[in-house]
Amino acid sequence: MSQTTTSGTDWENWQRQWDAQQEAYLPDREQRFAAMLDAVEASLNSPAAPRVLDLAGGTGSISRRVLQRFPQASTVMLDVDAALLTIARGTFADDVRVQVVSGDLGDRNWLAAVDSTVPFDAVLTATALHWLPEDRVAGVYAEARSLLRPGGLFINADYMPDPGLESLTEGLAAVERRVRDARWANGVHSWEGWWEAVRADPALAGPAAERDAFYAARRGDDHTEWLASSAWHLEAMRAGGYAETGLVWRGLLDAAVTGRTALL
Ligand SMILES: C[S@@+](CC[C@H](N)C(=O)[O-])C[C@H]1O[C@@H](n2cnc3c(N)ncnc32)[C@H](O)[C@@H]1O
């Protein structure tokens, strides 16, 4: 992975800051990633070299962890955000195992951005599909199935509080907020602070302006379009044609729902 470019940008530092910023909101982020990769490994015939689609991948956090765990893996990372794509492209510039592509999951033609000639072992996405409306979340599940090999996995880790714990959910959220506030007090960026830092970096100011224009034209920078329970997601996966569905991880407020395509 590339550390810097001729512009002198320290991509690794941007990756660290992104991780710290996300972990302030998601204290169990690494556990969910590890569980997702455990499930990928469990699904493989040969564990060495999975081909993974990192969907709405941001700076490529999932791709980085896939490659750490499976050095012979390859990933395609898709996102819509010009600034995050710039960080991902800088990070993986010298890494032939990763292809970074621009695509909008809000548009069902996003599939055209992904090379589908070789089937994927897994489609992994985290903290992202709640940015889409209901019909597109269901659509992405069904559309991505066409990219997967028989026995391949779609795993979506996102905010899905357990409706059976209705009275406890606010308390769980308060626990997570306390962790977040402590990290902010230690100098970790909030979401807004992170974006201010991005806009202030000459290497990222242009892509950040492109991103800001994209969201201004859409509906503003409000990222919560559709929230649903894990049961809703599992039903949408079944409707999308996955043969097996279930949870591979459950945190306090988030869960990782999984669909597996039929085995041959
Ligand atoms: C909170 S970030 C999570 C990124 C990464 N998965 C991670 O865990 O670090 C949410 C990501 O979803 C992406 N995203 C939101 N809407 C999208 C869309 N319509 N198409 C593609 N990506 C989208 C955002 O650009 C952002 O990178």
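The C-beta contact set for region 73-86 (first residue more than 6 Å from the ligand (Cβ to nearest atom), second residue among the aromatic types (Phe, Trp, Tyr), distance under 9 angstrom, 6+ apart or interchain) comprises Thr75/Phe92; Val76/Phe120; Met77/Phe92; Leu78/Trp110; Ala82/Phe214; Ala83/Trp195.
Yes or no, residue by residue, for (1) surrounded by fewer than 16 Cβ atoms within 10 Å (Cβ to Cβ); (2) touching a residue at least 40 places away in the same chain (Cβ under 8 Å); (3) within 11 Å of the ligand (Cβ to nearest atom):
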| position | (1), (2), (3) |
| --- | --- |
| Val114 | no, yes, no |
| Ala122 | no, yes, no |
| Tyr141 | no, yes, no |
| Leu153 | no, yes, no |
| Asp158 | no, yes, yes |
| Glu166 | yes, no, no |
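Matching residues to (1) of a type in the set (Val, Ile, Thr); (2) closer than 22 Å to Ser102 by Cβ; (3) within 13 Å of the ligand (Cβ to nearest atom); (4) touching a residue at least 40 places away in the same chain (Cβ under 8 Å):
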| site | (1), (2), (3), (4) |
| --- | --- |
| Arg180 | no, no, no, yes |
| Arg183 | no, no, no, yes |
| Ala203 | no, yes, no, yes |
| Arg211 | no, yes, yes, yes |
| Ala216 | no, yes, no, no |
| Ser230 | no, no, no, yes |
| His233 | no, no, no, yes |
| Thr245 | yes, no, no, no |
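So which of Trp226, Trp194 ends up being surrounded by 15 or more Cβ atoms within 10 Å (Cβ to Cβ), within 20 Å of the chain's Cα centre (by Cα), over 20 Å from Ala35 (Cβ atoms) and modelled with pLDDT under 95? None of the others qualify; the one that does is Trp226.
Restricting Arg136, Arg89, Arg149 to residues that are farther than 30 Å from Leu253 by Cβ, basic (Lys, Arg) and within 14 Å of the ligand (Cβ to nearest atom) narrows the list to Arg89.
The values are calculated or read from the model by the stated rules, or taken from the named source; none is laboratory data. The structure displayed is predicted, hence computed values, not measured ones. Cβ coordinates were reconstructed from backbone atoms using ideal geometry, including for glycine residues, and neighbour counts include every protein chain displayed.
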